[in-house]
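See below for the structure under consideration.
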Amino acid sequence: IKFSVNNQYLYIGDSIGNLHIYSLTNNFEKIIEIPAHNNKINAIDTIEIKSGISYLATGSSDCYVNIFDISKGFKSDLNINDFNTIFEKMSSEVLNFIFCIDKNETLKLIVSEINSTISFYQLDKGNLQTLQKHNDPNLITYCLCYSPSINKIISGHNGKIIIWKTSSNIIHKHFQVSKGDKILDNFRIGADSNGIMFATSNNDKNIRIRA
């Protein structure tokens, strides 16, 4: 589930791969249902860039990430190909992903997969280009967040938190969590507006604030 950047739409992905789009300005009326994938949708993200172009992306257990150009909005009679959709097959099931814009104004998509791969892509003129892939078979990525103010991606894993440089697509720093701070599937992470501190919640029913 995801709200649009301008708070006009609500995007919901279901267990069989359909993307449901609702209007938030017209009594939650369903505008369109798009058969986006052949399996459950695990992740949705959206971004609007300075040129007025907007993108919506979905990731699924069918190993695909689909990227829609939604700059012209939605109509009930549109189909999946009317959005100049990019269909990008990953190497395994897509767990989550996030859009970001680095300090060079490059639009990127960071994707994590069930096979412990984190990939950095550049989206340019309707093409998705691979920049970097990282794989650690001992890590599973449960969540991602982006802090624009410090231009860093923060990823949460089983027993580790990693901070990535978005400009170079490499690890900035990482740290292990303590034995009592075991991170499982319900781990979530989020940075504040300044990107200086972030909060983690996990299976031991505690919330921790880290700098």
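When the residues of the range 19-40 are narrowed to those that are among the hydrophobic types (A, V, I, L, M, F, W, C) and open to solvent by 20 Å² or more (accessible area, probe 1.4 Å), which ends up nearest to Phe3 (Cα to Cα)? Filtering first and then ranking leaves Leu24. Taken over the range 127-174, residues that are open to solvent by less than 40 Å² (accessible area, probe 1.4 Å), of a type outside the set (Val, Ile, Thr) and not in a strand (DSSP E or B) amount to 4. For the range 77-130, which residues satisfy the criterion of being under 22 Å from Tyr146 (Cα atoms) and of a type in the set (Lys, Arg)? If the condition is that a residue be under 22 Å from Tyr146 (Cα atoms) and of a type in the set (Lys, Arg), then Lys103, Lys108 are the ones that fit.
Take the conditions open to solvent by 50 Å² or more (accessible area, probe 1.4 Å), closer than 20 Å to Ile1 by Cα and of a type outside the set (Ser, Thr, Tyr) and apply them to Lys89. Does it pass? Before you say what the answer is, go through the steps one by one.
Numbers: open to solvent by 50 Å² or more (accessible area, probe 1.4 Å): yes; closer than 20 Å to Ile1 by Cα: no; of a type outside the set (Ser, Thr, Tyr): yes.
It is false that Lys89 is open to solvent by 50 Å² or more (accessible area, probe 1.4 Å), closer than 20 Å to Ile1 by Cα and of a type outside the set (Ser, Thr, Tyr).
The test for being surrounded by 14 or more Cβ atoms within 10 Å (Cβ to Cβ) and either over 19 Å from Asp14 (Cα atoms) or aromatic (Phe, Trp, Tyr) (or both) holds for Phe74.
For Asn7, indicate whether it is at pLDDT 95 or above, in a loop (DSSP other than H, G, I, E, B) and surrounded by fewer than 15 Cβ atoms within 10 Å (Cβ to Cβ). For Asn7, the condition - at pLDDT 95 or above, in a loop (DSSP other than H, G, I, E, B) and surrounded by fewer than 15 Cβ atoms within 10 Å (Cβ to Cβ) - is not met.
The values are calculated or read from the model by the stated rules, or taken from the named source; none is laboratory data. Values in this document were obtained by computation on a predicted structure and should not be read as measured data. Heads up, the Cβs are rebuilt from the backbone with ideal geometry, glycines too, and the neighbour counts pull from every protein chain shown. What goes into the accessible areas is simple: the full protein's heavy atoms, side chains included, and nothing from ligands, DNA or RNA. Shrake-Rupley method; radii C 1.70, N 1.55, O 1.52, S 1.80 Å.
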